[in-house]
Amino acid sequence: MKLAHAAIALKGIIKRELWRFLLQRERFVAALVRPLVWLFVFAAGFRSTLGIAIIPPYETYILYEVYIAAGLIGMIQLFNGMQSSLSMVYDREMGSMKTLLVSPLPRWFLLMGKLMAGTFVSILQAYVFLLVAWFYDIQAPWLGYVTLFPALILAGLMLGALGMLLSSFIKQLENFAGVMNFVIFPMFFMSTALYPLWKIKESSELLYNLASYNPFSQAVELLRFALYGQFNLYAFLYTLAAFIVFMAIAVWGYNPSKGMMVRKGGGPS
Amino acid sequence: MNPLSDFSLTVKALSYAYGKKAALTDINFSIAAGECTILLGPNGAGKSTLFSLITHLYDSRDGEILIKGVELKKDPCRSLANLGVVFQQTTLDMDLSVLQNLHYHASLHGMTRKQASIRIVEELERQGMLARKDEKVRQLNGGHRRRVEIARALLHKPSLLLLDEPTVGLDVPSRQGIVDHVHSLCESDNLSVLWATHLIDEIHPNDKLLVLHQGAIQAQGSVSSVCGGESADDISRAFKQLTQAKSS
């Protein structure tokens, strides 16, 4: 694989994802409205019932809206990862995935390119959300918006790889709804996106354990610390490891001789 | 010099199974430069499986596929660089314009923006589609979409063009236009073509035939030799004999 070829192809894949994203305005609005509803309605309602103690990275008592903001950025990326994987299943059913896979580039690179394109879109969404949140008085230090960027890349890649892994196992579009229910909601609710770990521990030890091992929790913590200019090494390593594992299984899933595409049998689709 | 590189496509002892169900058994054939080979077979004969293997969407442990002398399994990237494909189902992005679709494909083949723009104009002009370059694919009719797909498959100047039942669902004039155009490409560009179909009237007299049925090649050679082998007056009768005799 020549470097120049790879760079041109990567640019092409990202550009296509952007074109599609800009065309689907409803998708952009939905991606933005979802976390904003949580912020304006859910968080406002819960503000009085949930008190948040001083926990890192926060240095003072914070409002619930401030706590939940990082979780909602994670939510944007989680939904985006699933949306990308949904579009991969759709592309596969519609055939346009074939155009990508018959290109003269290694398969892992093509999948990685697709993943990076999806992550790029989710980062745009996250910053637009933060801009709106800024006017709602959820303001992080200026540096935080810069240090958040690499965290968004890693969290986006990890959640996108999870979506890609799922897409390699899903043969038909109809099966996708079930997976969304069984993956997105448990991942989101059993995480630190909505409540801190110590709070979960108070109510259930089992939930606490599930939430601490949930890769989405670690991605959210990585984002939370980064937004306040801090680096959470454990969350970083955990998210990175989850990304590598998910990506490896996804590449295996799309491998023409070993993966699930063949294992599932039936004629070529 | 590797004599295999004289052939745009060589398939040797290729077999493939979905689980325990054999889809292709011991397939052997080759296509020389500038040759148009029609892969003729009824539905379910294994044509699409063969295409999936040649395009490396599937991989088989049994047998070899060489594109322009390069073994697909050992060097898929170099092999696929010589391949242009038109799939049975439209694989264009419906919401993007013709130009956007073609630029996307060009980028996957590592073409710079400038190279791509030149080639896109050339190919769209040849297909009589240049005036529609800014239209969304969704606005085009079936025949025009196919023409865009053929233009796209030829952008990177492949030596082998695969077409998997490209005329399905098209009206007669559109079908005829595509059949004639692809045949003319073999002469003008020395392009090798593998065209899967079950429609007899898409065959030209100079084409090579490959009759596939129940996952095995029943006959191959020129139109006259296949007809002669079956003592049939025309290809339609020969095809019927080759496929019905084995089914019963």
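When 1/r is averaged over all different Cα pairs and the result inverted, which Kirkwood radius in Å belongs to chain A?
19.2 Å
May I have the convex hull volume per residue, in Å³, for the Cα set of region A:78-147?
Residue-normalised Cα hull volume stands at 101 Å³.
Among A:ILE184, A:GLY253, B:LEU24, whose Cα lies farthest out toward the positive end of the dipole of the protein assembly as shown, if unit charges sit on the beta carbon of Lys, Arg (+1) and Asp, Glu (-1)?
With unit charges placed on the Cβ atoms, the residue in question is A:ILE184.
Å³ per residue of the Cα convex hull, for chain B?
Value for chain B: 133 Å³ per residue.
What Kirkwood radius, in Å to one decimal, follows from the Cα pairs of region A:1-158?
About 17.3 Å, per the Kirkwood formula over Cα pairs.
So for region B:92-157, what are the equivalent ellipsoid semi-axes in whole Å, largest first, each being the square root of 5 times an eigenvalue of the Cα gyration tensor?
18, 12, 10
Cut-off 10 angstrom, C-alpha nodes, Gaussian network model of chain A. Which of A:VAL41, A:VAL121, A:VAL251 fluctuates the most?
Answer for the Gaussian network model of chain A: A:VAL41.
Which one, B:ILE203, B:LEU154, B:GLY228, is farthest towards the positive end of the dipole of chain B when Lys and Arg carry +1 and Asp and Glu -1 on their Cβ?
Toward the positive end, the furthest listed residue is B:LEU154.
With +1 on the Cβ of every Lys and Arg and -1 on the Cβ of every Asp and Glu, and nothing else charged, how large is the dipole of chain A about its Cα centre, in debye rounded to the nearest 20?
Once rounded to the nearest 20, the dipole reads 1060 debye.
Can you sort B:LYS136, B:LYS240, B:LYS74 by how many other beta carbons sit within 10 Å, fewest first?
Sorted ascending by nearby Cβ count, the order is B:LYS74, B:LYS240, B:LYS136.
When we measure straight from the Cα of B:LYS136, which lysines land under 23 angstrom away, once same-chain ones fewer than 8 places off are left out?
The reachable lysines, counting only those whose Cα sits under 23 Å from B:LYS136, are A:LYS11, A:LYS15, A:LYS98, A:LYS114, B:LYS114.
Ignoring everything except DSSP H segments at least 4 long, calculate the 222 nm mean residue ellipticity for the protein assembly as shown; use -39,500 (n - 2.57) per segment, divide by total residues, nearest 500.
Only helices count here, giving -18000 deg cm²/dmol.
Rounded, prolate or oblate, given the Cα gyration tensor of the protein assembly as shown, with a/c below 1.5 counting as rounded?
It comes out prolate by the Cα gyration axes.
Run through the DSSP bridge list for the protein assembly as shown and note the antiparallel percent, rounded to the nearest 5.
About 55 percent, rounded to the nearest 5.
Quick one: helix B:113-126 against the long Cα principal axis of chain B, what's the angle to the nearest 10°, folded into 0 to 90?
In chain B, helix B:113-126 runs at an angle near 60 degrees to the longest axis.
Taking amide hydrogens as modeled 1.01 Å from N in the peptide plane, which residues meet the under 5 Å criterion relative to B:CYS36, leaving out close sequence neighbours?
Answer set, sorted by chain and number: B:VAL193, B:LYS208.
Where the only charges are on Cβ atoms (+1 Lys, Arg; -1 Asp, Glu), what is the dipole of the protein assembly as shown about its Cα centre, to the nearest 20 debye?
560 debye
The numbers here are math on the coordinates, done by the rules we state, and not lab data. Keep in mind that what you see is a predicted model, and the values were worked out from it rather than measured. Virtual Cβ from ideal backbone geometry, glycine too; neighbours counted across all protein chains shown.
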